[in-house]
Amino acid sequence: LVAEIEKKITEAFEVFDRESNKTVDVREIGCIVRSLGCFPNEAEVQELLAQIEVEEQEGFIHLKNFLPVMTKVLLDKRFRPIPEDVILHAFEALDENKCGYITKEDLVKHLTEK
């Protein structure tokens, strides 16, 4: 199980490893974690980063430092997704015309207006 989880983490990490040198920009960690099915808020991402040793080359995370921390996160089932019924309720609140979809324009409006 651990080997399978580590493989999944490594594959996700490599998508963001633009230099193919087993490092990623620290700002990519939230995206990597979310791509693995975990959905921490920004404060939780910062807590996670505090557990990961950042390379001397400031602002980069090495796979060898990320792997054990993220493996534990997945094994502990931390940062689970929001339940479907909560997402559906939020969608329904945005679907003002009750037509079963949201137009791109409406979504942009909801995300950019106060």
* Residues (among the hydroxyl-bearing types (S, T, Y) and surrounded by 12 or more Cβ atoms within 10 Å (Cβ to Cβ)) located in the range 8-25 -> T10, T23
* State which residue is most open to solvent (accessible area, probe 1.4 Å) when the search covers only the range 26-68 and only residues that are touching a residue at least 40 places away in the same chain (Cβ under 8 Å), under 11 Å from the mean Cα position of the chain (by Cα) and under 21 Å from K7 (Cβ atoms). => G37
* Asked: Can you name the condition, by its number, that G100 falls short on among (1) surrounded by 14 or more Cβ atoms within 10 Å (Cβ to Cβ); (2) of a type in the set (G, A, S); (3) not in a helix (DSSP H, G or I)?
  -> (1)
* **Condition broken by T71, with the remaining ones in (1) assigned by the TED database to the domain that holds V26; (2) free of Cβ contacts under 8 Å to residues at least 60 places away in the same chain; (3) open to solvent by less than 100 Å² (accessible area, probe 1.4 Å) satisfied** => (2)
* To do: Filter the range 74-93 down to residues that are open to solvent by less than 60 Å² (accessible area, probe 1.4 Å) and without any contact (Cβ under 8 Å) to a residue 60 or more places away in the chain and give me whichever is farthest from the chain's Cα centre (by Cα).
  => A90
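Table: residues versus (1) modelled with pLDDT of 90 or more; (2) on the phi > 0 side of the Ramachandran plot; (3) touching a strand residue (DSSP E or B) at 6+ places or on another chain (Cβ under 6 Å).
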| position | (1), (2), (3) |
| --- | --- |
| V15 | yes, no, no |
| R18 | yes, no, no |
| T23 | yes, no, yes |
| I32 | yes, no, no |
| L63 | yes, no, no |
| V73 | yes, no, no |
| Y101 | yes, no, no |
| E105 | no, no, no |
| V108 | no, no, no |
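The values are calculated or read from the model by the stated rules, or taken from the named source; none is laboratory data. It should be emphasised that the depicted structure is a prediction, and the values quoted were computed from it without experimental measurement. Every residue, glycine as well, gets a Cβ built from its backbone with ideal geometry; the counts of neighbours run over all protein chains shown. The protein model used for the area step is the full one, side chains on, heavy atoms only, and it has no ligands, DNA or RNA in it. Shrake-Rupley method; radii C 1.70, N 1.55, O 1.52, S 1.80 Å.
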